[in-house]
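Please read the structure below before turning to the comments.
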Amino acid sequence: MQDAFPQRRQVQRSLAEYRPHPGVDFPTLTDISLIRNFSIIAHVDHGKSTLADRLLELTQTVERRNMKAQLLDDMELERERGITIKARAVAMRHTAADGKTYLFNLIDTPGHVDFNYEVMKALQACEGALLLVDASQGVEAQTVVNALLAEQAKLAVIPVLNKIDLPHARPDEVATEIEDAICLAAEDAIAVSAKTGLHCELLPAAIIAQIPPPTGDPKGNLQALIFDAEYNDYRGVVIFMRVKEGRICKGDRIFMTGTKTEWDVLEIGRMTPAMKAEPSLQAGEVGYLIANIKRLQDVSIGDTVTHMDVNKRAKPLPGFRQPKPMVFCGFYPTNTGDYDNLRKALEKLQLNDSSFSFEPETSDALGFGFRCGFLGLLHMEIIQQRLEREEDIDLVQTAPNVTYQIQQSSGEVSEIHSPSEMPDPSQIEEFREPMVDLRIVISTDSIGAIMKLCTDRRGVYVKTEYYGSNRVMITFDMPFSEIIFDFHDRLKSATRGYGTMDYEVNGFAAAELVKVRMMVSDEEVDALSFICHRNVAETRGRKILQKLRKEIPRHLFEVALQAAIGGKIIARENIRALSKNVTAKCYGGDITRKRKLLDKQKAGKKKMRQFGRVEIPQEAFIAALKMDDN
């Protein structure tokens, strides 16, 4: 029988010839000795994304007409705030002076302490890092932390001084600070200006000379590390991976060792920075993978990708230490009909940001919502703004709080994430709060102000380290709950904007903590209750009551607002009743007539107070839970 579709058959044969087969030995696309995988790490606002722009220009990865500032920061929120939130990977080709063409895989990382997990993931996919330091600001808190992370990952670190074009830049002093704080030789630092491009041409040669090529056998069993992923509405889950061993080709059948799932590879490629499909990726390369994965639960960050064939299967890689959320708050949709949309939006964000967690919860005042866990306050703020902008969901956010530990009389130790989970006080033997190692880098003339700020927040002084002649790092042990509200703003005020901080949770310590119950007309409002130290309970409780008194409208009866610890009232505010002049119609006559009318009104108010219900508007919750000095 004659073939009715000869052209279609010809195309299918061509595709079959083009599609790589697992058993065929393909020629090496890139010699593994010519690959350099590196990351840019720095404190926030030291110019990482700008330096990435210059490298893209130097390697001619992006045409000049398509170039724009902070090209890799493609999220609207990132460009608006001027910070990097999500790590971005990009592949570049650079022809060196010896005529060889090298493949640079660059990962641009965030600089804020809340996104340390993004930095840790990026460093696992690299052999080296550019440690960027602002030549005018000097070594700051996150500079030291990122350098230590690179050292723990056993990476080659190249110190780079940025912004040397500024009039107040002090490159020699900052190079000395790097040597004192991080033990990298001052003479090895490369001084550049990412904004003007001054001396940036020295960086590719330094990357080739000082960062070692990756190890791995392209002919070995496939072993790839998933270091990031994102969800695409049309293509499903896009996986970003670093191939450690072997080679992965389009059409391969792969197996994920953590989730125990198998998939067909539909597309693989590199980020240039747009996704560019390739027939295969080999050991040492960084790229993306699409396998028609639609369920978010089927991908785990830190998982290992290997062949489905048991004979070609490799051992799982160690993966990542999963981050533990330490700041919790509730997200509730303003419109109750948006509950399902909010759940789907949170699931999508959880894939793109594996350090974010959530679980459903209910509140008598706010209805159905989710209890969400974050790494810090900025992390929480970014998630909230992404939900409101990208998903167009209006949210009510409860006050943030940290994780506490309770040792009960029975000896059982449990963790609580919200005041509503707290057991009866008579069953609590010991109340513990999380403690942090707080490192603050400031100039020497701000030491006194910072000492006072930290001791007022129940901080315990540990040590002082000097970097150069006028920079100092002070370390304190401090309760985590004391720094999650306004500590960073107070730090900036006390140091005229030059102070920086970094913290790391180091365990729990016993403290005199109490649950403050907020009551409106003798009814407890769980959404407003909070846990704090006994010394500040009355002050915080009274401030919330004062906010409520302004926001709750007056009723026909007097409304009592109370803050209580157990059965003891520690603060009270009253909302006066709406009053009517019932004696206005009396134009004289006996006083008993007026008294009779007033007594009748009084009896009616008493009955209203007994059976009336106070409606608390949503604006009152938002005002009372708003994060500020309270």
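Is one or more of the residues making up the range 486-502 under 28 Å from ARG540 (Cβ atoms) and touching a Gly at 6+ places or on another chain (Cβ under 8 Å)? Yes, that holds for at least one residue.
Where residues in the range 492-514 are surrounded by fewer than 21 Cβ atoms within 10 Å (Cβ to Cβ), among the charged types (D, E, K, R) and not in a helix (DSSP H, G or I), which of them is modelled with the lowest pLDDT? Out of the qualifying residues, it is ARG496. Being exposed (fewer than 13 other Cβ atoms within 10 Å of the Cβ), over 30 Å from ALA42 (Cα atoms) and either under 22 Å from the mean Cα position of the chain (by Cα) or modelled with pLDDT under 85 (or both) holds for only one residue in ASP522, ASP526, ASP489, and it is ASP522.
Residues in the range 545-573 that are in contact (Cβ under 8 Å) with a residue 40 or more places away in the chain, open to solvent by 20 Å² or more (accessible area, probe 1.4 Å) and within 33 Å of the chain's Cα centre (by Cα): 2 in all. Number of residues in the range 32-57 that are farther than 30 Å from HIS488 by Cβ and assigned to a helix (DSSP H, G or I): the value is 7. Are any residues in the range 435-457 in contact with a strand residue (DSSP E or B) (Cβ under 9 Å, 6 or more places away or on another chain), at pLDDT 90 or above and either among the small types (Gly, Ala, Ser) or at positive phi (or both), and if so, which ones? Hit for the range 435-457 is ALA449, nothing else. Close Cβ contacts (under 6 Å, 6 or more residues apart or on different chains) running from residues in the range 257-271 that are free of Cβ contacts under 8 Å to residues at least 60 places away in the same chain and crowded, with 19+ Cβ neighbours inside 10 Å to residues that are part of a loop (DSSP other than H, G, I, E, B) and of a type in the set (Lys, Arg) comprise VAL265/LYS250; ILE268/LYS250. In this structure, GLN282 does satisfy being under 25 Å from GLU127 (Cα atoms) and either open to solvent by 20 Å² or more (accessible area, probe 1.4 Å) or out of contact with any Asp or Glu (no Cβ under 7 Å at 6 or more places or on another chain) (or both). Within the range 236-281, the set of residues being among the small types (Gly, Ala, Ser) and more than 29 Å from the chain's Cα centre (by Cα) comprises GLY246, GLY251, ALA277, SER280. Just one of the numbered conditions (1) more than 30 Å from the chain's Cα centre (by Cα); (2) at positive phi is not true of CYS183: (1).
The set of residues in the range 148-181 being open to solvent by 30 Å² or more (accessible area, probe 1.4 Å) and polar (S, T, N, Q) consists of GLN152, THR176. Of note, ALA125 satisfies the criterion of being crowded, with 22+ Cβ neighbours inside 10 Å, closer than 30 Å to ARG253 by Cα and of a type outside the set (S, T, N, Q). GLU201 fulfils the conditions (1) open to solvent by 60 Å² or more (accessible area, probe 1.4 Å); (2) in contact with a strand residue (DSSP E or B) (Cβ under 6 Å, 6 or more places away or on another chain) except for a single criterion, (2).
The values are calculated or read from the model by the stated rules, or taken from the named source; none is laboratory data. Values in this document were obtained by computation on a predicted structure and should not be read as measured data. As a convention, Cβ positions derive from the backbone with ideal geometry for all residues, glycine included, and neighbour counts pool all protein chains shown. The protein model used for the area step is the full one, side chains on, heavy atoms only, and it has no ligands, DNA or RNA in it. Shrake-Rupley method; radii C 1.70, N 1.55, O 1.52, S 1.80 Å.
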